[in-house]
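The values are calculated or read from the model by the stated rules, or taken from the named source; none is laboratory data. Small disclaimer: the values here were computed from a predicted structure and weren't measured. Glycine gets a Cβ as well: all are built from the backbone with ideal geometry, and neighbour counts include every protein chain shown.
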Amino acid sequence: MRAFRRDYITRSIFGWARKVLPSLSATEREAIEAGDVWWDADLFTGNPDWNKMLAFPPAKLTDEEQAFLDGPVEELCAMVDEWRVTWEWRDLPPEAWDFLKAKKFFAMIIPKKYGGLGFSATAHSEVVRKLSTRSVTAAVTAMVPNSLGPGELLMMFGTDEQRNHWLPRLADGREIPCFGLTSPEAGSDAASMIDLGIVCKGTFNGREVTGIRLNWSKRYITLGPVATVLGLAFKLRDPDRIISQKEDIGITLALVPTNLPGVSIGRRHLPGMHVFQNGPNWGKDVFIPLDFIIGGVAQAGKGWKMLMSALAAGRGISLPSLSAAGAAYTAHTTGAYARIREQFHLPIGRFEAIQERLGRMAATAYMLDGARRFTTAGLDMGHHPAVVTAVMKGQATDRLRVSVNDAMDIHGGKGIVEGPQNYLGSLYRAVPIGITVEGANIVTRALIQFGQGSIRSHPYVLKEMLALEDTDKARALDTFDQAFWGHVGHSVRNALRAWLRAWTGGLIGPAPAGQGQATQFYRQLSRYASAFALCVDVALLTLGGNLKRKEMISARFGDILSELFLSSAVLKRWHDEGRQSADFPLVAWCMHSSFATMAARFDEILANLPARPMAWLLRFMLMPLGPRHRGPKDSFTTVCANLLLEPSATRDRITAGIYRPTDDSGVARLNRAFRIVIAAQPLRDKLRKAHVGVAAARAQGLISEDEKVQLEALAKAVADVINVDDFSAEELTSGAHDDRRHAPGGVPSPVHHAAE
Ligand SMILES: Cc1cc2nc3c(=O)[nH]c(=O)nc-3n(C[C@H](O)[C@H](O)[C@H](O)COP(=O)(O)OP(=O)(O)OC[C@H]3O[C@@H](n4cnc5c(N)ncnc54)[C@H](O)[C@@H]3O)c2cc1C
């Protein structure tokens with residue numbers, strides 16, 4: 001039967017598909033083959049196995065990792081004052097640099113046998129998370145050597161000799177790495193770089209050797225200005241055929257010590273007025289021996305695949321951790337501020353319009369941290385899920401932007417006016433950086449999340465595409481036959497599933513046992529997952545290779561995939577934390593918001609899919625009455641907002657792991673005032689009822705002397721928070737003259753504490 005099907009039915013489909021479907025370019029293929037698939041593949045089946053998800057081990061830390069967080073990370077946080085770092089020193093203080101090196105912050109991912117800390121992805125993420133809530137400068141500085149760069153590339157692809165030489169030096173801070181990919185002409189389209197290496201003979205350390213003469217111009221390179229070794233991406237050519245049969249070898253990665261003749265390094269950019277080290281660098285006729293290629297000559301030309309493989313893991317840690325931390329930090333600080341700041345004789349957090357924002361902030365913090373932990377748990381299971389990490393990078397940084405904007409709006413002038421007491425400005429300025437780096441978000445949403453996911457995570461598409469490209473015709477037809485008919489069966493099953501689940505309002509979708517109130521959410525997610533799988537197949541069938549040019553459609557599919565992933569992570573978090581009923585409103589908020597977004601995106605896709613009859617059929621099957629989910633009810637939003645306005649175990653869970661300063665910083669003052677306001681609430685209620693002030697209440701014997709003192713302390717603590725900084729005209733202009741060389745435009749240097 002199968003032979004008959006293959007030879008008489010599949011053969012003609014195969015011939016047609018080979019002619020019609022575009023072939024994968026080399027860089028597309030390398031990107032698609034990098035890393036692996038994980039929970040994303042389950043979502044693409046249209047029928048995710050929830051029991052499998054719940055059985056994934058939750059993210060956890062070893063005692064040693066926890067001790068590092070409680071010890072060196074706390075110490076480093078206490079050491080850095082982001083205001084002075086940014087506006088006075090424009091760098092971390094020397095003692096912080098020394099501490100970072102001595103405590104091996106730059107070596108979290110380097111195995112112990114090379115002198116590193118050998119931390120799990122979860123521990124690495126927790127460190128970045130805590131640092132981010134104190135100093136973006138410290139967080140980025142610590143994050144970069146542990147992310148895409150020489151360390152990770154050497155561990156994945158280096159020769160033994162390279163590992164033995166470089167890793168111990170990177171681990172103890174003798175060498176500071178950076179990674180140079182981006183150049184002025186090649187940003188998002190990094191593979192189009194014109195930086196060039198030519199294989200030739202040259203002199204190195206007094207000996208004539210075969211090597212590479214390099215010319216490059218890179219920019220935006222984090223840690224570049226202080227780096228001692230540059231991980232460089234360039235195009236390698238071998239015009240004299242010394243190491244290869246072909247002239248264009250392709251993108252290659254090499255380690256270039258920055259003290260070699262011809263290397264220019266050291267100038268700085270100011271990204272969003274942030275002062276982590278970042279700058280351009282150039283090389284003019286720099287000669288390196290061949291064994292400086294990461295992985296040696298065998299890896300020459302494989303640079304793009306190496307980069308994509310490294311990115312597949314790293315993209316899920318650095319920026320998602322910073323963003324989840326930022327969401328928790330803004331929820332924590334804004335909840336406290338909305339409680340202590342009063343207008344119209346009420347804490348502003350009691351007004352519904354403020355609660356609308358606070359509720360969203362609480363739920364976003366809960367969701368992002370659940371997704372962060374879910375992702376690092378996947379990485380710790382040994383996966384390198386390129387699609388999941390692209391989803392995380394894009395979603396976490398985008399959602400942080402919403403949370404920071406909400407925080408700014410709720411703080412009003414207090415958030416806007418810069419100074420040592422401002423605890424939002426630095427994060428606010430960091431948001432666009434996260435959005436832009438490691439794959440700018442617009443391109444990530446439009447091309448990577450779904451574009452790669454639809455091929456990589458789909459159960460059949462990649463198999464079909466690879467079969468179409470196989471040069472062994474008999475084998476190609478046989479593999480294609482299996483994949484194609486498997487795909488047809490998958491589509492038919494999903495069509496029936498999606499139709500049935502939609503027409504029953506999601507009530508019969510599968511859900512794991514014992515999930516109580518959350519069961520309904522699993523059922524709805526099952527419904528949307530099957531609708532997603534069906535629509536993906538229809539879009540692939542009707543648009544084929546054009547789907548990647550229909551970026552608006554592709555981006556909306558990316559949103560649905562992202563919502564499926566983030567919602568799964570929320571349910572997983574709730575399950576792993578013991579299904580706390582007090583946290584349930586947050587879960588419900590996230591799920592309803594997700595359902596509404598998915599419903600809207602399906603509606604938009606069906607309104608714009610070029611194959612109109614197919615779109616009408618899909619609408620009839622999936623949403624005959626239009627989008628039915630309208631987002632969280634206001635009552636849920638209010639409950640979520642109130643969670644940030646009162647101390648509780650839920651509030652502690654939302655804000656767990658963020659740095660709690662005990663100094664006189666803005667956040668420390670805020671936390672102090674929040675504690676005092678909560679403790680004094682019964683007294684304040686008493687005064688309010690009696691319509692008297694503190695002095696009158698004392699005079700009338702309504703409150704004791706101790707209580708009077710408590711209320712005066714409260715007024716002072718609140719004033720300390722509400723006050724903002726101001727500067728003399730000289731303070732603002734003197735820095736401009738003194739520092740013009742380093743900071744075009746000038747920035748204030750001396751500071752003045754209005755609150756003092
Ligand atoms: C602070 C900072 C630190 C950095 N650190 C490093 C580093 O250490 N090493 C390094 O190599 N690089 C680094 N980068 C570079 C960073 O990765 C690039 O900025 C990024 O790749 C985007 O390139 P670009 O800024 O030139 O934007 P462009 O590529 O010019 O993009 C502009 C806009 O067009 C969009 N776009 C581009 N192509 C498409 C498309 N096909 N479809 C839809 N939209 C598209 C993008 O999403 C973006 O919104 C850093 C950048 C910054 C700002």
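The table below lists the values:
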read-out: All positions within region 512-534 that are surrounded by fewer than 17 Cβ atoms within 10 Å (Cβ to Cβ) and at pLDDT below 95; value: A513, G514, G516, Q517
read-out: Residue list for region 282-295, restricted to those being away from the ligand (no atom under 16 Å from the Cβ), outside any strand (DSSP E or B) and on the phi < 0 side of the Ramachandran plot; value: L290, D291, F292
read-out: Residues located in region 396-425, provided they are small (G, A, S) and surrounded by fewer than 22 Cβ atoms within 10 Å (Cβ to Cβ); value: G412, G413, G419, G425
read-out: Of residues in region 695-731 being surrounded by 15 or more Cβ atoms within 10 Å (Cβ to Cβ) and basic (K, R), the one farthest from G419 (Cα to Cα); value: R698
read-out: Residues located in region 507-541, provided they are assigned to a loop (DSSP other than H, G, I, E, B) and farther than 13 Å from G46 by Cα; value: L507, I508, A511, P512, A513, G514, Q515
read-out: Spans of helices (runs of 4 or more DSSP H) in region 666-708 with at least 1 residues of a type outside the set (K, R) and at pLDDT below 95; value: 681-690, 694-699
read-out: Condition met for E185 (over 25 Å from Q66 (Cβ atoms) and either under 20 Å from the mean Cα position of the chain (by Cα) or free of Cβ contacts under 8 Å to residues at least 60 places away in the same chain (or both)); value: yes
read-out: Filter result for R579 (among the basic types (K, R), buried (at least 24 other Cβ atoms within 10 Å of the Cβ) and in contact (Cβ under 8 Å) with a residue 24 or more places away in the chain); value: no
read-out: Which listed residue, of E563, E604, is over 24 Å from L61 (Cβ atoms), surrounded by fewer than 23 Cβ atoms within 10 Å (Cβ to Cβ) and not polar (S, T, N, Q); value: E604
read-out: Looking only at region 326-366, and only at residues there that are surrounded by fewer than 24 Cβ atoms within 10 Å (Cβ to Cβ) and aromatic (F, W, Y), the one that is farthest from R684 (Cα to Cα); value: F351
read-out: Of all residues making up region 488-530, the number that are free of Cβ contacts under 8 Å to residues at least 60 places away in the same chain and at positive phi; value: 2
read-out: Subset of region 211-235 that is of a type in the set (G, A, S) and not in a strand (DSSP E or B) - its residue that is surrounded by the fewest Cβ atoms within 10 Å (Cβ to Cβ); value: G224
read-out: Spans of helices (runs of 4 or more DSSP H) in region 21-82 with at least 3 residues touching a helix residue (DSSP H, G or I) at 6+ places or on another chain (Cβ under 7 Å), within 30 Å of I249 (Cβ to Cβ) and touching a residue at least 24 places away in the same chain (Cβ under 8 Å); value: 26-33
read-out: Of residues in region 410-436 being more than 16 Å from the ligand (Cβ to nearest atom) and β-branched (V, I, T), the one farthest from A353 (Cα to Cα); value: V417
read-out: Only listed residue being out of contact with any strand residue (DSSP E or B) (no Cβ under 6 Å at 6 or more places or on another chain), over 30 Å from V388 (Cα atoms) and modelled with pLDDT of 95 or more, chosen from V297, V263, V209, V256; value: V297
read-out: Candidate set from region 254-281 (those that are under 28 Å from the mean Cα position of the chain (by Cα) and assigned to a strand (DSSP E or B)); member that is nearest to the ligand (Cβ to nearest atom); value: N278
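Residue-wise test of (1) polar (S, T, N, Q); (2) away from the ligand (no atom under 11 Å from the Cβ); (3) in a helix (DSSP H, G or I).
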residue: K113; (1), (2), (3): no, yes, yes
residue: T122; (1), (2), (3): yes, yes, yes
residue: V128; (1), (2), (3): no, yes, yes
residue: L148; (1), (2), (3): no, no, no
residue: H165; (1), (2), (3): no, yes, yes
residue: V209; (1), (2), (3): no, yes, no
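Quick grid of which residues meet (1) buried (at least 18 other Cβ atoms within 10 Å of the Cβ); (2) polar (S, T, N, Q):
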site	(1), (2)
K112	no, no
S125	yes, yes
S132	yes, yes
V144	yes, no
S147	yes, yes
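Conditions (1) basic (K, R); (2) out of contact with any Lys or Arg (no Cβ under 9 Å at 6 or more places or on another chain); (3) within 13 Å of the ligand (Cβ to nearest atom), marked per residue:
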{"site": "M156", "(1), (2), (3)": "no, yes, no"}
{"site": "T159", "(1), (2), (3)": "no, yes, no"}
{"site": "R169", "(1), (2), (3)": "yes, yes, no"}
{"site": "F179", "(1), (2), (3)": "no, yes, yes"}
{"site": "T203", "(1), (2), (3)": "no, yes, no"}
{"site": "T252", "(1), (2), (3)": "no, no, no"}
